[in-house]
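Q: Below is one structure. I have some questions about it.
Just so it is clear, none of the values below were taken in a lab; they were calculated from the coordinates. All figures in this text were calculated on a predicted structure; none of them were measured in a lab. With ideal geometry, Cβ positions are generated from the backbone for all residues, glycine too; neighbour counts draw on all protein chains shown.
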Amino acid sequence: MRVVLAEDLFLLRDGLVRLLEAHGFEIAAAVGSGPELTRALAEEEPDVAVVDVRLPPTQTDEGLQCALQARRRRPGLPVLVLSQHVEQLYARELLADGDGGVGYLLKDRVFDAEQFTDAVRRVAAGGTAMDPQVIQQLLARRSAQDRPLERLTPREREVLELMAQGRTNAAIAARLVVTERAVAKHTANIFAKLGLEVSDDDNRRVLAVLAYLDHGR
C-alpha cells in the first residue's frame, strides 16, 4: 500500500516513515510543506495520504486544504488527517464531500502503532476513522442544539459514537459485549430517532450520522 506522508516536523515525519514501513506500507513520498504535498499527491497517486493539518508556508490549515484539493481532482482519494487538537471545523470540511475514505486523528494516537496503522488501512479501504474525542465533542455540541439526539438512550449514544469511529456492527458488539443482533436493533432505533434512512453501507452510514450531527453548526 503506497502512502504519501506530510508532516513538517522532521523527527515526527521520520518516525512515521519508520513506523509505517515496519507495518508493511510503502512510502511513496514524505514531505514537509503544502506545495510539496500538492506535487506528491499529483505525481505519486498514492493509495492513501496521511497529512498534518498545519503545514508551511501558512501553518494554518495548509495540509487539509491541499488534501481537499487533491480529493476534488481525484474523488475518493483516501485521506487521514492528523491534528494536535480537536478542530471541529476541519473534521466537518473533511467529511463534507461524502465520498468516504477519510479519517481525523489526534497526533497522540500515533504513539499507539496498532491503532494508528489500523486507521490508515481502514481509510485506505474507503472506510472512516474518526478520533473518539472529535466524535464526543460533536455529540456534546449537537445534543445541546437538537432534541432528536436527546431522545437517544445512553446505550444508543454509545453505539452512535462507535459507529462514527468507523466500527462495524461486529466490532461494536465485541466492544460493548452484546450480540450483533442487539447492535442492529440499536442502530435501527438511532436512525429512526434521528430521521435518517437506514443503510447497509457502513461508510455511508457513518458519514450520514456525522453530517447530521454537524449540520447547522
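Q: With a 10 Å radius around each residue's Cβ, average the other Cβ atoms per peptide and rank 183-190, 75-82, highest first.
A: 75-82, 183-190
Q: For I27, list long-range residues whose amide hydrogen, built 1.01 Å from N in the peptide plane, is under 5 Å from its own amide hydrogen.
A: Close amide H contacts, sequence-distant or interchain: V3.
Q: How long is the gain from L11 to R72 if the chain were fully straight, where each residue apart is worth 0.36 nm and the alpha carbon distance is subtracted?
A: Fully extending the segment from L11 to R72 adds 18.9 nm.
Q: What is the extension gain from E26 to A171, computed as 0.36 nm multiplied by their sequence separation minus the C-alpha to C-alpha distance, in nm to one decimal?
A: The E26-A171 span can extend by a further 49.4 nm.
Q: Cα centroids of the stretch 39-65 and the stretch 174-195: how far apart, whole angstrom?
A: Cα centres, the stretch 39-65 to the stretch 174-195: 36 Å.
Q: Would you please give the residues with an amide H less than 5 Å from that of L152, counting only those at least 5 places away or on a separate chain, with H modeled from the backbone geometry?
A: The answer is none.
Q: Still on this structure, please answer the following. Among 51-64, 109-122, how do they line up by average Cβ neighbours within 10 Å per residue, starting with the highest?
A: My ranking of the peptides, most packed first, is 51-64, 109-122.
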